[in-house]
Amino acid sequence: MQLTMIFEGSQPVSAHTLPGQIQPLTIEDVPALAQLYFDSYPQGTVEDVAEAEADIAAAHRGDYGTFLPQANLVYVVDGQILGCVMTVDSPPWDDVSDLLFIIDVFVHPKVRGTGVGRALMQAALASFPEHRPVGLRVESDNEPAYALYRSLGFKEVTADK
């Protein structure tokens, strides 16, 4: 089951540093991100790397809401992208259309649990105006992601917000 969560608190502060760097996602990153996306999600989430690339390109184009360059970020170590957070303003889904919205967070399996997802989320949240609520969706059985979002201050909302 998919849960919607909202962040309306103060911006979280990063607790530690990582060996790589967080930088804005660019259109040139899309092919590498597609492979990372395909490798990061359970088999069957997307059919192949081409489908992942089309989905990421659609987000970059603004198909899922206004693309926010300052909050679409990648984590890079030695030239390799190992994580990504993708965000939009005013997504096309009625229940969250008035929010800033995190449409995706994905981290390479070899660096999961090292703080990459947290650092990407914190950097994205820090780029948003504090007066705007931020939403996201998470699968209820994705316990690590759910725990991360709760620890950052996201709260589950009901269908009527």
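Once the stretch 99-117 is narrowed to residues that are within 17 Å of A71 (Cα to Cα) and free of Cβ contacts under 8 Å to residues at least 40 places away in the same chain, the residue that is surrounded by the fewest Cβ atoms within 10 Å (Cβ to Cβ) is G117. Picking from residues in the stretch 60-79 that are of a type in the set (F, W, Y) and within 15 Å of L100 (Cα to Cα), the one that is surrounded by the fewest Cβ atoms within 10 Å (Cβ to Cβ) is F67.
Every residue, every condition in (1) at pLDDT below 95; (2) within 13 Å of the chain's Cα centre (by Cα); (3) within 23 Å of G135 (Cβ to Cβ), yes or no:
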residue	(1), (2), (3)
I6	yes, no, yes
V13	yes, no, yes
H16	yes, no, no
Q35	no, no, no
E53	no, no, no
V74	no, yes, yes
G83	no, yes, yes
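Looking at the stretch 135-160, I want the residues that are farther than 11 Å from I6 by Cα and have a partner that is of a type outside the set (D, E) and in a loop (DSSP other than H, G, I, E, B) with Cβ atoms under 6 Å, at least 6 apart or on another chain. Which pairs are those? Note: pairs meeting the criteria are S140/M1.
Condition check ((1) β-branched (V, I, T); (2) closer than 21 Å to I81 by Cβ; (3) more than 14 Å from the chain's Cα centre (by Cα)) across all residues:
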| site | (1), (2), (3) |
| --- | --- |
| R118 | no, yes, no |
| V134 | yes, no, no |
| E143 | no, no, yes |
| Y149 | no, no, no |
| K155 | no, no, yes |
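Got at least one residue in the stretch 107-129 being over 21 Å from L33 (Cα atoms), modelled with pLDDT under 95 and part of a loop (DSSP other than H, G, I, E, B)? Scanning the stretch 107-129, I find at least one residue that is over 21 Å from L33 (Cα atoms), modelled with pLDDT under 95 and part of a loop (DSSP other than H, G, I, E, B), so the answer is yes. As a summary of the residue check, A57 satisfies the conditions (1) in contact with a strand residue (DSSP E or B) (Cβ under 6 Å, 6 or more places away or on another chain); (2) farther than 25 Å from M1 by Cβ; (3) aliphatic (A, V, I, L, M); (4) surrounded by fewer than 21 Cβ atoms within 10 Å (Cβ to Cβ) except for the one numbered (1).
When you look at A147, is it out of contact with any strand residue (DSSP E or B) (no Cβ under 6 Å at 6 or more places or on another chain) and modelled with pLDDT under 90, yes or no? No. Any idea which of (1) farther than 17 Å from Y149 by Cβ; (2) free of Cβ contacts under 8 Å to residues at least 60 places away in the same chain; (3) surrounded by 14 or more Cβ atoms within 10 Å (Cβ to Cβ) is the one Y37 doesn't satisfy? Among (1) farther than 17 Å from Y149 by Cβ; (2) free of Cβ contacts under 8 Å to residues at least 60 places away in the same chain; (3) surrounded by 14 or more Cβ atoms within 10 Å (Cβ to Cβ), Y37 violates only (2). For the stretch 150-161, the candidate set comprises residues that are part of a loop (DSSP other than H, G, I, E, B) and over 17 Å from A124 (Cα atoms); within that set, the residue that is modelled with the highest pLDDT is V157.
The values are calculated or read from the model by the stated rules, or taken from the named source; none is laboratory data. Every value quoted in this text rests on a predicted model; they were computed, and no experiment measured them. Please note: Cβ atoms are built from the backbone with ideal geometry, for glycine as well, and neighbour counts cover all protein chains shown.
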